Structure formats: C-alpha cells, structure tokens
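Only one structure is covered here, and it is reproduced in the block below.
The values are calculated or read from the model by the stated rules, or taken from the named source; none is laboratory data. Model, not experiment: these values are computed from the prediction. In this analysis, Cβ positions are derived from the backbone assuming ideal geometry, glycine residues included, and neighbour counts consider all displayed protein chains. Just so you know, the surface numbers come from the protein's heavy atoms only, side chains and all, with ligands and any DNA or RNA stripped out. Shrake-Rupley method; radii C 1.70, N 1.55, O 1.52, S 1.80 Å.
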Amino acid sequence: MSCPDQYRPREPRLCRAGARGIIEHGFPHRALPGAATMTPERAVAVLSVAAFGSSASLRCTDALLPLLAADFGTTIGSAAAAVTAFSISYGLLQVVHGPLGDKLGKYRLSFFTSLISFFGTLACAFSPTLEVLVVARFFAGATIGALIPLAMAWIGDVIPYANRQSVLARFLIGQMLGVALGASLGGYLGEHFGWRSPFYLLAVFYAVVSVMLWLELARNPYTRVDAAAAPTTILGGFHRMAQLLRVPWVRTILLIAAAEGAFFYGSLTFVALHLHKQLGLGLGASGTMIGAYAVGGMLYAAVSRKLVRRLGERGLALTGGLAIGVAFLGLALSGSVATALLCLLIVGVGIYMMHNTLQVNATQMAPESRGAALALFALSLFSGSSFGIWVGGKVIDAYGTTPLFVMSAIAMPLLALEFRRRLARHATA
C-alpha cells in the first residue's frame, strides 16, 4: 500500500539569500529577517536543555522508590505508581500536544509547557500522601512530556532529513544527561535531604528553562518556523492523527515503539533498585551508576555519523538490540560494580543506536504533520513504558529484579530483529 500524497516527504531546505535566511518548505517562501546572525543550532541547544529537565524528571524517582516505600509504608511495587502515573500522562497527553504544536507553533508551545511544568513539579514536592503524589506526578507529566516530542517535531521541520540523524543525536545529549543526573541527583538529594528535595531543584530548573525558551522565541526567527499548515481546530488535529493510523508504516513504527517502551524502560526503571539491593550500594551511588547508561548514549552521539554511514539504519537497529540483550543479561548476573558499570555503558550505546533509528523514522512518518506524528509516537512509547513499569513492579514484588532483566535480555534482540526486517521491507516498497 502506497503512502497517501499528503504524507509524502517534502523536506525543508535551508539556504541563504543575501543577508536574509530563507526557509523553503514546499510552501510559499518565508523570509526570516535577522536570520543571517541566527542559527537553528542555537535553538536546538536550548531545546536540548529543556530535554534535560524532561528526562531528569522522568528518571529522578527511580532511586527514590525505597524512600517512598518507607515514608508511605508500602511496597516497592506500590510506590512505583508514582513512576507509572508520570509515564502514563507523559505519553497520553501527546494526543493534545501534537495538534496544539501544529496549530500554535512547536517552539512556542514548548515555552508554555515548560512554564506550567514549574508549578506541577512544585505540587509533587508538597504532596502529603502517596496518593496525592501520584496525582501530582500525573499532572506534572502531562506538560513535562511535551518538551522532547515537540522539540523533535520542530527539528524535523527545520533540519533536512540527510542531516537529521546527527542533529537529533546532538539534541539527545540533553536527554541523556538528564537521565544520568536525574537518577543521580534524585538518589543523593533523597538520601541526604529527603525525597522532596529533587522536586524543589527541578522546579527552579523549569523556571530557568522557561526564560531561555522565551528569549530564544523573541530573538531567533528560526523558532517561529513550522513546516505544516496548521489545522483550523484541535479536532482537525485529532482527525489528522486518525488519518495517520491508516498508513501501514505509521502503525509499524508505533507498535515497535510501544514494545520498546515496555521491554526496555520497564526494566531500566528498576536498575537503581537492583544495584541498591544486589550490590549493597547507597541510593546516591546506585543512582549515579545510571550515569554510565547516559555516557554510553553520548559515546554513540559522538560517533553517530560514522556508524550511520557504516551500518545503515538496519545495521544500527539490529546491533543496538543485540547489545541491549547482552547488557541486560550481564546486569541480571553481575556481582560487581565494575561489571554493572560496563553493562550500563553497553545498554546506553545499544538503546541509542536502536531508539535514535526509530525516532528518525518517526520524524519522517508524516512530514506535513510532524507534531501529530510525534505525538502518536510518544503516546505509543510511554504507553508501552507505563505498562512495562506496572508489570515490572508486580514481577519485582513477587520474584525480584533478576527475572525482569532476563525477560528484557531476550525480548530486545528479538524486537530489533523484527525492526530490521520491517525496515528492509519498507525500503523495497
């Protein structure tokens, strides 16, 4: 089945015309006064800082689970509801953020969601009970979850497809650092100042990021570029997402994203707990070790251009999945800090090889509706992640962390093999 005409790629091209930058999208040309001194790279860097906060918020509770369970008198699996609630809204509200981004502007909406995230994060810090914390985390995730998909959709509008893999890899450095420092700071601050302290720090961070995004909007004309003609209503945006689901390749990408979320993030959430319980590390130390996962991702980002040329998309997907499987198996069986660190480093390299390939394909599912397409992608990824965390909590309460990691060690290579097969079929279609 061929892709409908309205979803065929019409890539933006960046060029110069005298002292003015012109961005050509296959639509009427739009002159950007002052763009000669501005670059999309600087706007991408600011979005990467916002992505840091989004990922730090997502991962900061991983190392806090023992503290939450002790403070509220419950099990680890029950305390993980705070993680699950955040992950559910992080993905679920994308069905609203995507059409809004297409209509109002993706960079502009990133500013508003960052500002609202300041208040949602403060609500988490002041939660008196686990039930209130779960509700507060749900509402915080509703806006925090918009930052990365909106940024990716905007990058897809502005950066040509040939350069997008490497630009996305650089953008994701902020996300990787957020994963590393989110778990680390969550563990150390929680261990020494209580579980509320990471949320106070994140609230201040969102205030600063909001100012940065506002300044970039005011000064950089690239931030006001959107490739899609905006739908006239939000309902029109929902209709476009429904249309996207009719495209077989879109459904394939979304299903693979959901499976990746379930098998990978459903286990990653409990790595800090595993290190704390199995290796006897403190919460701060176990959270800090998660940083090795982010370091692996940054290593991939540093050599992504060469790996893309040498392995291609299919090679990246398969190699990444195999690396994840070996690393999770090593984590399940490791009895030393050095082995666990090496496994986390390999996990980071592997997931960004596979996931970045998946993300690049997601940006190209529907070039004229990237906000809607990336919203569906995030919804699938975090719906799968929420389900994986819920199942993971049940498995851990009953059997511990080792069986959970073994499940992921088997599932991720199989998923990568299927993804590679689908990429090959799509390339020949």
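The listed residues are Val46, Val95, and the only one of them that is open to solvent by 10 Å² or more (accessible area, probe 1.4 Å) and at pLDDT 80 or above turns out to be Val46. The set of residues in region 229-255 that are among the β-branched types (Val, Ile, Thr) and at pLDDT below 70 comprises Thr232, Thr233, Ile234. Screening Ser87 with (1) open to solvent by less than 10 Å² (accessible area, probe 1.4 Å); (2) within 24 Å of Val46 (Cβ to Cβ) gives one miss only, at (2). Evaluated against (1) of a type outside the set (Lys, Arg); (2) farther than 20 Å from Thr288 by Cα; (3) modelled with pLDDT under 85, Gly320 falls short on exactly one condition, (3). Residues of region 360-375 being surrounded by 24 or more Cβ atoms within 10 Å (Cβ to Cβ) and at pLDDT 85 or above, which ones? Matches in region 360-375: Ala362 only. Among the residues of region 392-421, those identified as closer than 22 Å to Met354 by Cα and charged (D, E, K, R) are Glu418, Arg420, Arg421.
In this structure, is Glu191 open to solvent by 70 Å² or more (accessible area, probe 1.4 Å) and touching a residue at least 40 places away in the same chain (Cβ under 8 Å)? Yes: the conditions hold for Glu191. Residues that are within 22 Å of the chain's Cα centre (by Cα), open to solvent by less than 50 Å² (accessible area, probe 1.4 Å) and closer than 30 Å to Gly194 by Cβ within region 287-332 comprise Gly287, Met289, Ile290, Gly291, Ala292, Tyr293, Ala294, Gly297, listed in sequence order.
Given Gly53, Gly73, which one is open to solvent by 50 Å² or more (accessible area, probe 1.4 Å), closer than 23 Å to Leu133 by Cα and at pLDDT 85 or above? Selected residue: Gly73, the only one of Gly53, Gly73 that is open to solvent by 50 Å² or more (accessible area, probe 1.4 Å), closer than 23 Å to Leu133 by Cα and at pLDDT 85 or above. Quick check on my filter: what residues within region 132-170 are aromatic (Phe, Trp, Tyr), surrounded by fewer than 23 Cβ atoms within 10 Å (Cβ to Cβ) and closer than 26 Å to Pro40 by Cβ? Within region 132-170, Tyr161 is the sole residue that qualifies.
Output the residues belonging to region 283-305 that are touching a Phe, Trp or Tyr at 6+ places or on another chain (Cβ under 6 Å) and over 15 Å from Cys60 (Cβ atoms). Write out each step before concluding.
Going residue by residue through region 283-305, those that are touching a Phe, Trp or Tyr at 6+ places or on another chain (Cβ under 6 Å) are 284, 297, 300.
Of everything in region 283-305, those that are touching a Phe, Trp or Tyr at 6+ places or on another chain (Cβ under 6 Å) and over 15 Å from Cys60 (Cβ atoms) turn out to be Gly297, Tyr300.
Going by the structure shown, is Leu185 free of Cβ contacts under 8 Å to residues at least 60 places away in the same chain and in a helix (DSSP H, G or I)? Judged against the criteria, Leu185 is not a match. Cβ-Cβ contacts under 6 Å between residues 6 or more apart (or on different chains), taken from a first residue in region 330-345 that is hydroxyl-bearing (Ser, Thr, Tyr) to a second residue that is in a helix (DSSP H, G or I) and surrounded by 17 or more Cβ atoms within 10 Å (Cβ to Cβ), are listed as Ser334/Ala340.
For every residue, the table says whether it meets (1) in contact with a helix residue (DSSP H, G or I) (Cβ under 6 Å, 6 or more places away or on another chain); (2) part of a helix (DSSP H, G or I); (3) among the hydrophobic types (A, V, I, L, M, F, W, C).
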site	(1), (2), (3)
Thr288	yes, yes, no
Val303	no, yes, yes
Ile324	yes, yes, yes
Ala327	yes, yes, yes
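Give me the residue from region 195-224 that is among the aromatic types (Phe, Trp, Tyr) and open to solvent by 30 Å² or more (accessible area, probe 1.4 Å) and, out of that set, nearest to Gly156 (Cα to Cα). It comes out as Trp214. Going residue by residue through region 101-108, is there one that turns out to be more than 14 Å from Ile148 (Cα to Cα), touching a Gly at 6+ places or on another chain (Cβ under 6 Å), among the acidic types (Asp, Glu) and surrounded by 24 or more Cβ atoms within 10 Å (Cβ to Cβ)? The answer is yes, given that some residue of region 101-108 is more than 14 Å from Ile148 (Cα to Cα), touching a Gly at 6+ places or on another chain (Cβ under 6 Å), among the acidic types (Asp, Glu) and surrounded by 24 or more Cβ atoms within 10 Å (Cβ to Cβ). Do we have any residue at all in region 196-212 that's in contact with a Lys or Arg (Cβ under 9 Å, 6 or more places away or on another chain) and part of a helix (DSSP H, G or I)? Within region 196-212 (the criterion being in contact with a Lys or Arg (Cβ under 9 Å, 6 or more places away or on another chain) and part of a helix (DSSP H, G or I)), the answer is no, since none of the residues qualifies.
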